[in-house]
Amino acid sequence: MRLASAILVLFLTSIQFGYGQSEMTQSIRGRVIDKDTRQPIPGVNVILMDDTSNISGTTTDFDGRYTLNELSLGRHVLQFTFIGYEPQFTNNIIVNSGRQTILNIELEESAMELEAVEISASRDGEPLNEMAIVSARQFNIAETERYAGSRGEPSRMAASFAGVQGADDSRNDIVIRGNSPQSILWRLEDAPISNPNHFNIPGTAGGSVSILNNKTLGNSDFYTGAFPAEFGNANAGVFDLNMRNGNNENHEFIGQFGFLGTEALLEGPINREKNITYMASYRYSTLALIGGLGINYGTSAIPRYQDASFKINVPGKGASSLSIFGVGGWSDIDILISDQETPAERNIYGDNDRDQYFGSQMGVVGASYTRSINEKSYVKAIFAYNHSQVDAYHELVYRQLNADSMYQVDSMRPLLDYTFRDDRIVGHVFYNSKLNSRNVVKFGVVAEQIFFDYVDSTWIFDSTQTDYLDWRVRWNTAIQAQLLQPYIQWKHRTERGLTVTAGIHSQWFTLSNSISWAEPRIAMKKTLRDGSSITGGIGMHSQVQPYYMYFYSLSENADGTRALHNKTMDFSYAGHAVMGYERMLKPMLRFKSEVYYQYLWNIPVEQNPTSFSLANTGSGFERFFPDTLVNEGAQQNYGVEFTLEKYFSKTYYFMLTLALFDSKYTASDGITRNTDFNGRYATSALFGKEFNLSKKSMLSLGANITAVGGRWFGPADIAASNQAREVIVIDSLRNTQQFPDYFRADIKVNYRLNTQKVTHEVGIDLVNVFNVRNVLALTYAPDENNDPNRSIRREYQLGRLPLFYYRISF
């Protein structure tokens with residue numbers, strides 16, 4: 001309370017100081033470049049369109065840079081035009097007193113005759129990647145902060161898009177079109193990276209909290225299918241993230257205190273004349289600083305995490321530039337059941353029969369260099385080092401309730417100890433050339449040298465016995481492998497509004513000697529006379545299996561080494577087919593629909609006939625320990641998606657999405673079943689409204705309502721579960737039952753105040769405002785009275801969760 005009071009006093013003092021100052025203004029600056037060649041475009045008209053009766057503006061200089069000074073605070077609309085290029089409108093550019101607004105623009109050369117070029121409203125969300133035509137969307141920092149319930153994270157924000165759903169409230173895994181959450185590629189600054197989340201588990205692409213600070217991200221792309229040839233090792237979707245550059249004129253600061261962390265960001269020029277900039281951020285877990293605040297966030301344990309990121313940018317002539325970047329995070333948590341005195345609601349982050357010590361690390365540091373070959377071509381090289389590590393130690397707790405209904409610990413015994421570590425050296429080199437206004441070609445290669453170091457051992461026991469039966473080493477591997485991905489892609493545009501992209505991707509993984517020689521990708525977009533467009537795309541994709549599963553071992557060889565019976569697993573493959581229609585119903589109102597079909601094959605399933613398939617893995621906090629796996633499983637997904645989106649204008653926005661789909665898989669027993677994630681429908685409704693209280697202050701309200709069909713599951717084998725001390729499903733009945741549908745409503749309220757040179761913002765994001773008890777899964781949770789028939793219970797998702805923050809920027 002003292003800390004909250006101090007923050008309130010500081011805030012009110014700043015308000016009092018801010019009023020009475022002169023009229024406040026701020027500037028918008030940026031750079032305009034050619035989308036295909038990355039060359040600066042001098043002479044671009046930059047026009048302020050707030051008042052069409054009193055138009056003002058400027059032009060870009062020789063280096064493509066522009067500045068609009070003395071702009072009023074609030075939102076602005078800009079138009080960028082240049083002869084021979086497609087005009088572009090940019091809406092909702094927000095200007096605050098505390099920081100300059102940096103707006104960089106990419107213009108695309110027109111393939112039409114000059115007299116045919118017309119100015120039309122921009123379409124927010126158009127992907128940055130020139131080769132992306134179908135199932136792709138651009139997102140920005142504003143969206144990660146604007147969407148209620150997104151917690152400032154790219155993946156939670158993406159869960160509001162059509163065809164995407166969250167997998168677990170306690171984690172940010174996402175399911176794309178019924179696929180496993182692990183089938184996603186994360187890429188940062190054009191380099192593939194490991195799972196960028198705190199408290200991540202091997203074989204997943206999500207975690208509890210993102211390591212990525214959204215304030216350091218620039219505009220980025222998100223893909224849900226049939227993505228271009230430059231993307232590989234993913235069968236479902238791609239996050240292609242960019243870090244922004246720091247301010248090249250002024251040193252600026254953002255400080256934030258909130259439930260999810262206490263953080264600071266610094267940026268500014270290193271050399272103003274040469275436009276060399278820096279940006280650095282750091283965050284530490286607020287709960288580790290001040291405790292849990294009495295808020296139920298799924299566990300009584302205190303999560304400790306910290307993360308940092310930086311970028312240094314050294315621009316050269318034309319498209320040339322050098323950047324050095326890094327992102328890293330460390331996290332750990334101790335879930336101590338032995339400290340509980342009375343029966344409590346179960347921790348959704350751990351089991352209630354053991355103490356668990358868990359930690360994770362992830363870091364990437366790299367450099368990228370772009371070199372102009374000529375005015376039409378450039379080459380870019382990215383090299384990075386990526387480290388990822390997860391470790392855990394478990395102790396089994398034997399306890400009972402005494403006469404006072406208090407827990408009494410009888411004994412504790414070691415149960416599990418593991419450390420999984422991956423280190424990667426990544427290189428990505430590509431050449432891009434605009435042959436003319438209608439043709440662009442890009443080819444390159446992504447190469448990874450991966451070092452695996454996995455150690456895991458556990459006690460095998462029978463709950464009916466008093467002693468352990470056996471000590472088993474399941475992983476003990478130190479080995480290296482290479483993953484090589486060459487590609488080529490081409491884009492062609494015609495005067496009649498037709499755009500075609502085509503490419504081929506190849507992939508070779510030396511550990512299993514898996515080779516995918518040629519994965520064709522092709523897409524098209526036809527713009528009709530009324531401005532609407534029809535799109536279509538097909539593509540073949542492949543993906544390496546979760547790395548840790550290659551090294552799982554059930555036995556030893558004659559020489560004492562581990563028998564790696566899954567080391568020869570091949571890639572899983574996916575064929576994507578997508579057709580879409582898009583139309584601007586009004587200048588700021590967009591309708592989009594896509595219909596898709598996906599067929600996946602070579603999915604690992606158990607050699608012995610069972611219902612197990614990797615199609616159902618990749619979410620939650622559990623690893624999997626299957627028997628010998630073979631690439632004989634299959635999956636098919638099909639569905640239709642609808643999006644109605646009003647871009648932010650006239651102080652409000654909304655986005656309505658609906659996905660109707662079906663997702664089935666076939667395992668080694670030959671039976672076709674629902675996948676775990678086959679909810680059959682997913683819908684969301686986003687809404688936001690701003691109220692300008694004065695020239696200096698603004699109140700913003702937002703809401704997000706999500707409804708998704710329930711997960712599929714099978715009844716537990718009680719006897720087998722009690723013996724193994726984990727849920728064992730009756731194999732023949734897997735995914736024959738469905739949990740109730742998922743429903744969640746979130747609201748967000750924030751207040752922004754502009755004082756002289758300083759912007760203050762305070763807000764709260766109330767997740768699951770109605771406190772709905774959504775079922776997550778079945779869990780093994782022994783009854784306090786040791787009743788073996790009551791050891792399996794339903795595990796529920798997070799309840800109501802208030803996420804507050806205070807931010808200051810100057």
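The values are calculated or read from the model by the stated rules, or taken from the named source; none is laboratory data. Just so it is clear, the model here is predicted, and its values are computed rather than measured. Note that we place each Cβ from the backbone using ideal geometry, even for glycine, and neighbour counts take in every protein chain shown. Each accessible area value is taken on the protein alone, full model and side chains, heavy atoms only, with ligands, DNA and RNA left out. Shrake-Rupley method; radii C 1.70, N 1.55, O 1.52, S 1.80 Å.
General observations
- Of all accessible heavy-atom area on the chain, the percent that carbon and sulfur account for (1.4 Å): 56
- Whole-number D in µm² s⁻¹ for segment 669-810, Kirkwood Cα-pair radius fed into Stokes-Einstein, 10 °C, 1.306 mPa s: 85
- Net +/- balance of residues flanking T224 in space, Cβ distance below 10 Å, scoring K and R +1, D and E -1: 0
- Segment 744-774 versus segment 408-448: alpha-carbon centroid distance in Å: 34
- Using the Cβ-Cβ distance between V429 and I764 with R0 set to 41 Å, the FRET efficiency works out to roughly 0.35.
- Nearest-20 debye value, the chain charge dipole, Cβ charges on Lys, Arg, Asp, Glu: 2420
- To the nearest ten degrees, helix 2-18 and the longest principal axis of the Cα atoms of the chain are 10 degrees apart.
- Taking packing as the residue-averaged number of other Cβ atoms within 10 angstrom, the listed peptides 39-47, 267-275 run from highest to lowest as 39-47, 267-275.
- Global size of segment 642-732 as Cα Rg and Dmax, reported in angstrom: 22.3, 68
- Distant alpha-carbon pairs in segment 415-537 (separation over 24 angstrom), percent: 57
- Segment 116-249 - Rg over Rh from alpha carbon coordinates, Kirkwood radius: 0.97
- Taken about its Cα centre, segment 740-797 carries a charge dipole of about 300 debye when Lys and Arg each add +1 at the Cβ and Asp and Glu each add -1 at the Cβ.
- Considering helices alone, the calculated mean residue ellipticity of the chain at 222 nm is -1500 deg cm²/dmol, with DSSP H runs of length four and up weighted by -39500 (n - 2.57) and normalised per residue.
- Mean-position separation - Cα centroids, segment 575-638 and segment 500-558, in angstrom: 13
- Size descriptors for segment 178-220, from the alpha-carbon set: Rg then Dmax equal 11.1, 31 Å.
- Rolling a 1.4 Å probe over the protein heavy atoms leaves R793 with an accessible area of roughly 80 Å².
- The mean sequence distance of close C-alpha pairs (under 8 Å, at least 6 residues apart), as a share of the length of segment 531-596, puts its relative contact order at 39 percent.
- Binning the C-alpha pair distances of segment 215-267 at 5 Å intervals from 0 yields a P(r) profile of 4, 15, 18, 14, 15, 11, 11, 11, 1 %, listed from the shortest bin outward.
- FRET efficiency estimate (nearest 0.05) - Cβ-Cβ, V749 to S72, R0 25 angstrom: 0.55
- Over all other residues within a Cβ to Cβ distance under 14 Å of Q361, the charged ones net out to -3, with Lys and Arg as +1 and Asp and Glu as -1.
- At R0 = 30 Å, FRET efficiency that the Cβ-Cβ distance of W601 and R421 yields, to 0.05: 0.45
- Calculated P(r) tail over 40 Å for the chain, as whole % of Cα pairs: 36
- Computed extension gain for N692 through N439, at 0.36 nm per residue and net of the alpha carbon distance, reaches 86.5 nm.
- Projecting label points 7 angstrom from Cα along Cα→Cβ for R800 and T342 puts them 2.2 nm apart.
- For segment 730-794, the ratio of Cα radius of gyration to the globular rule of thumb 2.2 N^0.38 Å stands at 2.04.
- If you sort I728, I373, I450 by accessible surface, 1.4 Å probe, largest first, the order is I373, I728, I450.
- Rel. contact order, % - alpha carbon contacts under 8 angstrom, at least six apart, the chain: 11
- Charge tally in the Cβ shell below 9 Å around G702, where Lys, Arg are +1 and Asp, Glu are -1, G702 excluded: +1
- Base-10 log of normalised Debye intensity for segment 363-459 (one unit scatterer per alpha-carbon) at q = 0.16, 0.18 Å⁻¹: -0.83, -0.91
- Packing-based ranking of 578-589, 544-555 yields 544-555, 578-589, ordered from highest to lowest mean Cβ neighbour count within 10 Å.
- Derived scalar couplings ³J(HN,Hα) [segment 723-732; Karplus, 6.51 cos²θ - 1.76 cosθ + 1.60; whole Hz; x for Gly, Pro]: 6, 8, 6, 7, 5, 10, 7, 5, 4, 5
- Space enclosed by the convex hull of the alpha-carbon atoms of segment 138-196, per residue, Å³: 96
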